[in-house]
Amino acid sequence: MADPIRFYFDFSSPYAWFALDRLEHLARMHQREIVWRPVLLWAVFKAQGIPVPLEAPAKRAYLIADMERSAAFYGVPFRLPDVLGVSTHLAARLFYAMTQDRPHIAPALARTLLRAHLAENRPLTEEAVLLACAAAFGWGPEEARAALQAAACKQQLVAAVDEAVALGVIGSPFFVVDGEGFFGVDRLPHVAWRLAGSGQGGQNDR
């Protein structure tokens, strides 16, 4: 069986949200599983020595305009969050808890969390938002709160960040296909090309 596509992303990343439908389509088309690996982008940047893009005023202004434009281009619902670049460690812990309890549901939870933050402007820093997302999958408040503080979930997130750094992840979304990295939603056509074998002399997947 072919290796899965490894999908590294931060729950605060609009570009990860824009990538979801196309990534899942490619995975189905090429019969690849997706390994969802939420990380903390600020931690990855720190480990890689990469400046935070939103700290530079000119780049921040460009990226905000590009987020709105990209949402329209990809036909994805989007509302600019009131605060960009928040730490999404609680959302990631909730995801990793779901991978332990019901792994087949975890991708749907990830999509729900991304939608809440990036299409509905519901901050993932608020416990009430996280509990509501968890409730949609049958988790009560106490179960969800326990997941947010579980040592195992904290460790899984740390391990995911370490793994991302070791693989050379430099942003979100970042895809690893057969050991090769691709950064950005705009690199999904390259991912399609690689999955189709075009990099080895096959026909382009257009």
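Values quoted throughout were computed directly from the atomic coordinates according to the rules given, and no laboratory measurement underlies them. Small disclaimer: the values here were computed from a predicted structure and weren't measured. Note that each Cβ is placed from the backbone with ideal geometry, even for glycine, and that neighbours are counted across all protein chains shown.
Working note: Karplus 6.51/-1.76/1.60 with θ = phi - 60° gives the stretch 18-31 the couplings 5, 7, 4, 4, 5, 5, 5, 4, 4, 4, 5, 4, 9, 6 Hz, where Gly and Pro are set to x. Contact order for the stretch 8-100, expressed relative to its length and based on alpha carbon pairs under 8 Å spaced 6+ residues apart, stands at 40 percent.
The order of M67, M29, going from fewest to most other C-beta atoms within 10 Å of their C-beta, is M29, M67. For the stretch 57-90, the residues whose backbone nitrogen is under 11 Å from a point 7 Å from the Cα of H25, taken along Cα to Cβ, are 74-75. The fraction of Cα-Cα pairs per 10 angstrom bin, counted from 0 for the stretch 5-200, comes to 9, 36, 38, 15, 1, 0 percent, rounded to whole percents. Summarising the label geometry, the points placed 7 Å from Cα in the beta-carbon direction at V52 and F137 lie 2.7 nm from one another. Listed by Cβ neighbour count within 10 Å, with the fewest neighbours leading, H89, H190 appear as H190, H89.
Report summary: the helix-based calculation at 222 nm, which adds -39500 (n - 2.57) for every DSSP H run with n ≥ 4 and divides by the residues of the chain, gives -17000 deg cm²/dmol.
Can you work out the PRE-style zone for K59? Point 7 Å along Cα to Cβ, and I want the residues of the stretch 147-173 with backbone N under 12 Å. From the stretch 147-173, the list is 171. By the count of neighbouring beta-carbon atoms within 10 Å, fewest first, F183, F175 end up ordered F183, F175. With contacts taken as Cα pairs under 8 Å at a separation of at least 6 residues, the chain carries a relative contact order of 30 percent. Within the chain, antiparallel bridges make up roughly 60 percent of the DSSP beta bridges whose residues both belong there.
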